[in-house]
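Participant: Supplied in structure tokens, the structure appears directly below.
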Amino acid sequence: MSYRASGLRAWVWQRVSAVVLALFTLLVIGYFLSGGPSSYQDWHNLLAQAPVTVMIGLSFGALLAHIWVGVRDIIIDYISRPWLRYILLSLLALWLFSLGLWVLLLLARIFA
Amino acid sequence: MTTLNGWVLINIFKIMIIKTKRRPVNLNLLTIRLPVAGVTSIAHRAAGFLMFVLTPVLVYWFDLSLRGPRGFQQAMVLFSTWEKLVWMAGVWALAHHFLAGLRYLLLDLEIGFEKPVYRWSAMAVLIGGTLVALVAAIWVVR
């Protein structure tokens, strides 16, 4: 069985993205618990730093990958009709792609 | 076949049917007891799906916070009455999903597979997620 078909690739993606998301979540919670942004300028300045922007972009990418594997599993587990499964999986892909584009545009706007 | 007459055959079939009917089939969800690790597992999935549904809210909040000083102010004050409930559900989902996920990562490393640990860690995840949600609730109400 191929690496892809065995589900091992999805398994690895789920774990790697999980670790990225766990670390990012702790960082964000820590930041907000220690006061968070005091003003819009403060917030904007923080996000306009290249490492922060890249980190948010990568973490959101990890989130989308994590959602893809997780919700795909749910669809495969509970939807047995192939045509319905494909429709839902396509909608999910389209939805996640849109969310990714939205965040990408937001991050681009910070520098504009 | 002369010794096995119709009457005997019919009785053999009757016994077979009765035995088939007596098989212990139980699909009543109210009487099936799910082990605690099973509860943690299905809650992990439910919490993940809930957060999937809430993802656009998160991105919208991020969008709002970047729409200049006014949007930022609105984003920082996000607790009206019904939004509080959504927020609480989100906190529980995140806490539970985080802790259960951590448990699964440890299990991947073959840590915690022994029966007592496997069970109490599942219970700890359930209690931990609820505790975090309660602390967050108190913090919001305060």
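Taken together, the values in this text are just the output of simple stated rules run on the coordinates, not laboratory data. Remember, it's a predicted structure, so these values are computed and weren't measured experimentally.
Participant: Report the relative contact order of chain A, percent, no decimals, based on alpha-carbon pairs under 8 angstrom and at least 6 residues apart. Kindly include the intermediate steps, with their values, before the conclusion.
Facilitator: Working: 47 pairs, mean separation 37.6, N = 112.
The value is 34 percent.
Participant: While we're looking at this one, here's another question. Over region B:35-141, what is the relative contact order in percent, taking alpha-carbon pairs closer than 8 angstrom and at least six residues apart?
Facilitator: Numbers: 82 pairs, mean separation 39.3, N = 107.
Reported relative contact order: 37 percent.
Participant: Where does helix B:81-108 land angle-wise versus the long Cα axis of chain B, in degrees 0 to 90, nearest 10?
Facilitator: Long axis of B:81-108 versus the principal axis of chain B: about 60 degrees.
Participant: Take chain A, connect every pair of alpha-carbon atoms lying under 10 Å apart with a spring to form a Gaussian network, then pick out the residue of A:LEU27, A:LEU88, A:LEU58 with the largest mean-square fluctuation.
Facilitator: A:LEU27
Participant: List every DSSP H helix in chain A whose Cα atoms extend 18 Å or more along the helix's own long axis and whose mean Kyte-Doolittle hydropathy is at least 0.5. Before the final figure, lay out the partial values.
Facilitator: Working: long enough: A:8-33 (37 Å, 1.61); A:50-78 (42 Å, 1.37); A:82-111 (44 Å, 1.84).
In chain A, the long hydrophobic H runs are A:8-33, A:50-78, A:82-111.
Participant: For chain B, set up a Gaussian network in which alpha carbons nearer than 10 Å are linked by springs, and say which option among B:VAL77, B:VAL36, B:VAL86 fluctuates the most.
Facilitator: Most flexible of the set in this elastic network: B:VAL77.
Participant: At a temperature of 4 °C and a viscosity of 1.567 mPa s, determine how fast region B:84-130 diffuses translationally according to Stokes-Einstein, using the Kirkwood radius over alpha-carbon pairs as Rh; express D in µm²/s, rounded to the nearest whole number.
Facilitator: 116 µm²/s
Participant: Tell me what chain A gives for mean residue ellipticity at 222 nm when only DSSP H runs of n ≥ 4 count, each as -39,500 (n - 2.57), the sum divided by the residue total, rounded to 500 deg cm²/dmol. Present the calculation step by step, with values, prior to reporting the outcome.
Facilitator: Numbers: 4 runs with 93 residues, N = 112.
Here the helix-only value at 222 nm equals -29000 deg cm²/dmol.
Participant: Calculate how steeply helix B:36-65 sits against the longest principal axis of the alpha-carbon atoms of chain B, using the helix alpha-carbon long axis, and give the answer as 0 to 90 degrees to the nearest 10.
Facilitator: Compared with the principal axis, the helix lies near 30 degrees.
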